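Down below is the structure, laid out as structure tokens.
The values are calculated or read from the model by the stated rules, or taken from the named source; none is laboratory data. What you see is a predicted model, and the numbers here were worked out from it, not measured in a lab. Here the Cβ positions follow ideal geometry from the backbone for every residue, glycine too, while neighbour counts run over all protein chains shown. With ligands, DNA and RNA removed, areas are computed over all heavy atoms of the protein, side chains included. Shrake-Rupley method; radii C 1.70, N 1.55, O 1.52, S 1.80 Å.
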Amino acid sequence: MADQLLAREPLFWRRNLVSTQEEFRREADPGYVQVGVSGVRYTRDDVWKMTAPYISDPGYVQAGVGQVSVDQWKISDVQVTPVAADMYLFTYQLEMPERPTACRTTLWQGSAATGWKALYHQATPVLADPYALPPQHAEP
């Protein structure tokens, strides 16, 4: 189970699974919601608009980031938790040279036989010092 879901993460960045809008829609539920590491909430259509340039161009260079290379990203602390019939909470930590390290969670529905569909995804930044709150959250 974990291997099947790990092959799909980071979500929508695997060109072997998602290389067209049709494949993207197959992988993401119509009600799909994503909360990015910034805390911004995105719909399925919003996420398609953000990932389409990368998906369609293997040489894609992201403004302010540079060449996007999934092969340089490191996934660790993978866990799969069944939450209902054919529904799984997939969690992991993702380290990316060009972005903050984040704990990521995807709610998946399906199976190898029926296919997988992402229902929800969230990225939460990992603080360098887990006991230090960011300035906007500091205690008075």
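Observations
- Residue, most open to solvent (accessible area, probe 1.4 Å), within region 22-46, restricted to residues that are touching a residue at least 40 places away in the same chain (Cβ under 8 Å) and under 15 Å from K117 (Cβ atoms): R26
- Within region 1-17, residues that are more than 15 Å from M50 (Cβ to Cβ) and part of a loop (DSSP other than H, G, I, E, B) have Cβ atoms under 9 Å from residues that are modelled with pLDDT of 75 or more and among the β-branched types (V, I, T) in these pairs: M1/V80; R8/V18; R8/T106; E9/I75; E9/V78; E9/T106, counting only partners at least 6 apart in sequence or on another chain.
- Any hit, region 8-21, residues being at pLDDT 95 or above and open to solvent by 50 Å² or more (accessible area, probe 1.4 Å): no
- Scanning region 92-118 for residues that are within 15 Å of R8 (Cβ to Cβ) and either buried (at least 16 other Cβ atoms within 10 Å of the Cβ) or among the charged types (D, E, K, R) (or both) yields Y92, L94, R104, T105, T106, L107, W108, Q109, G110, W116, K117, A118.
- For T81, the conditions (1) more than 20 Å from P30 (Cβ to Cβ); (2) of a type outside the set (K, R); (3) modelled with pLDDT under 95 all hold with the exception of (3).
- In region 81-104, the residues that are on the phi < 0 side of the Ramachandran plot and part of a strand (DSSP E or B) reach residues that are surrounded by fewer than 13 Cβ atoms within 10 Å (Cβ to Cβ) and of a type in the set (A, V, I, L, M) with C-beta atoms within less than 8 angstrom, at least six apart or across chains, in these pairs: Y88/M1; L89/V83; F90/A2; R99/V65.
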